[in-house]
Amino acid sequence: MAITRAAVLHVATLARLELTEPEVGRMVEDLGRILSYVEELGAVDTTGIVPTAYLAVEAAPLRDDVVVPGVDRELALAEAARSADGAFAVPAYVTDG
């Protein structure tokens, strides 16, 4: 299955992404390579291998907590679709119940 420019633009529209022409071209190429790799994996002989239902993870690797500065309020609100009274504004249909 080949990824087309139209498919990339369709998904970008659904995701509300604005891609430049060079970005669209790179996405077509990158997604095409990914699909080619997945097709290559499909050719691997898995006869006699039991499908894995789940993976039991005994312990996850942890990292040290590091305090880093957050995003400045003015910058965050400047990037928001809507803001009001120094906070993010959300549609009225978002409720807590």
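The values are calculated or read from the model by the stated rules, or taken from the named source; none is laboratory data. Everything numeric in this text was worked out from a predicted model, so none of it was measured. Using ideal geometry, Cβ is built from the backbone for each residue, glycine included, and neighbour counts are taken over all protein chains shown.
Observations on the model:
Let's see how each residue does on (1) under 30 Å from residue 2 (Cβ atoms); (2) out of contact with any Pro (no Cβ under 6 Å at 6 or more places or on another chain); (3) charged (D, E, K, R):
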| site | (1), (2), (3) |
| --- | --- |
| 31 | yes, yes, no |
| 36 | yes, yes, no |
| 41 | yes, yes, no |
| 56 | no, yes, no |
| 61 | no, yes, no |
| 67 | no, yes, no |
| 73 | no, yes, yes |
| 76 | no, yes, no |
| 80 | no, yes, no |
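- Of the helices (runs of 4 or more DSSP H) lying entirely inside the chain, those containing at least 2 residues that are touching a helix residue (DSSP H, G or I) at 6+ places or on another chain (Cβ under 8 Å), modelled with pLDDT of 90 or more and surrounded by 10 or more Cβ atoms within 10 Å (Cβ to Cβ) are 5-14, 21-42.
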